[in-house]
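The values are calculated or read from the model by the stated rules, or taken from the named source; none is laboratory data. What you are looking at is a predicted structure, and each value in this text was computed from that prediction instead of being measured. Don't worry about glycine lacking a Cβ; one is built from the backbone with ideal geometry, like all the others, and counts go over all protein chains shown.
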Amino acid sequence: MTPQTFIFFGPSGSGKGTQARCLQDEIKKRDPDRNILYIETGQKFRELAENDSFTAQKMKNILETGNLAPVFLPIWVWAGIMIENVTGDEHLFLDGMSRRLVEANVLDSALKFY
């Protein structure tokens with residue numbers, strides 16, 4: 001099986017993660033020897049908000065109010081994960097990205113790069 005990329009869009013709580021896990025299970029059955037890189041920006045935001053830094057406090061406020069994070073933050077999260085982990089031979093599962101056109105354009109450039 002050729003490596004595949006799956007992008008899950010939707011608001012918080014819409015079931016993106018549930019659908020991603022179901023599809024991930026199926027992909028593992030069909031291609032058990034290939035790794036899966038699962039990137040979820042929301043989880044990284046929650047981890048960031050657990051710190052005591054100024055940025056963490058601002059992120060906590062964003063999460064509590066349900067507002068969107070500034071454009072640079074989700075890009076910073078998923079770009080860093082991709083830079084550190086993409087090998088070119090894995091399936092990519094992208095959960096909850098991109099929520100704005102500018103993010104989608106950056107993601108498109110990243111996927112074309114990889």
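Condition (residue is within 13 Å of the chain's Cα centre (by Cα), of a type in the set (D, E, K, R) and part of a helix (DSSP H, G or I)) applied to the stretch 95-110: is it met by at least one residue? Checked the stretch 95-110: at least one residue is within 13 Å of the chain's Cα centre (by Cα), of a type in the set (D, E, K, R) and part of a helix (DSSP H, G or I).
For (1) farther than 19 Å from R100 by Cα; (2) in contact (Cβ under 8 Å) with a residue 12 or more places away in the chain, each residue gets a yes or a no:
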site	(1), (2)
L37	yes, yes
F45	no, yes
N51	yes, no
V77	no, yes
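The set of residues in the stretch 1-27 that are surrounded by 13 or more Cβ atoms within 10 Å (Cβ to Cβ), touching a Lys or Arg at 6+ places or on another chain (Cβ under 9 Å) and farther than 22 Å from N105 by Cβ comprises P3, I27. Tell me which residues, restricted to the stretch 1-44, are of a type in the set (D, E, K, R) and in a helix (DSSP H, G or I). Matches in the stretch 1-44: K16, R21, D25, E26, K28, K29, R30, K44. Among the residues of this structure, T65 does not count as one that is loosely packed, with under 14 Cβ neighbours inside 10 Å, without any contact (Cβ under 8 Å) to a residue 12 or more places away in the chain and in contact with a Leu (Cβ under 8 Å, 6 or more places away or on another chain). Restricting attention to the stretch 40-57, the residues that are of a type outside the set (S, T, N, Q), at pLDDT 95 or above and touching a helix residue (DSSP H, G or I) at 6+ places or on another chain (Cβ under 9 Å) add up to 3. Please determine whether any residue of the stretch 59-77 is under 17 Å from F8 (Cα atoms), in contact with a strand residue (DSSP E or B) (Cβ under 9 Å, 6 or more places away or on another chain), of a type outside the set (G, A, S) and not in a helix (DSSP H, G or I). Scanning the stretch 59-77 turns up no residue that is under 17 Å from F8 (Cα atoms), in contact with a strand residue (DSSP E or B) (Cβ under 9 Å, 6 or more places away or on another chain), of a type outside the set (G, A, S) and not in a helix (DSSP H, G or I). Counting the residues of the stretch 45-55 that are in a helix (DSSP H, G or I) and exposed (fewer than 14 other Cβ atoms within 10 Å of the Cβ) gives 4.
Taking every residue in the stretch 83-104 that is under 25 Å from K28 (Cβ atoms) and pairing it with any residue that is among the polar types (S, T, N, Q) and assigned to a helix (DSSP H, G or I), at least 6 positions away or on another chain, the pairs with Cβ-Cβ distances below 7 Å are F93/Q24; G96/T41; M97/T41. Residues in the stretch 22-48 that are of a type in the set (D, E, K, R) and within 21 Å of V86 (Cβ to Cβ): 8 in all.
Assess whether G80 counts as being of a type outside the set (S, T, N, Q), surrounded by 11 or more Cβ atoms within 10 Å (Cβ to Cβ), assigned to a helix (DSSP H, G or I) and touching a Gly at 6+ places or on another chain (Cβ under 8 Å). When the stated conditions are applied, G80 does not pass them. Report yes if some residue within the stretch 86-96 is modelled with pLDDT of 95 or more, under 25 Å from F113 (Cα atoms), loosely packed, with under 13 Cβ neighbours inside 10 Å and polar (S, T, N, Q); otherwise report no. Yes, the stretch 86-96 contains a residue that is modelled with pLDDT of 95 or more, under 25 Å from F113 (Cα atoms), loosely packed, with under 13 Cβ neighbours inside 10 Å and polar (S, T, N, Q).
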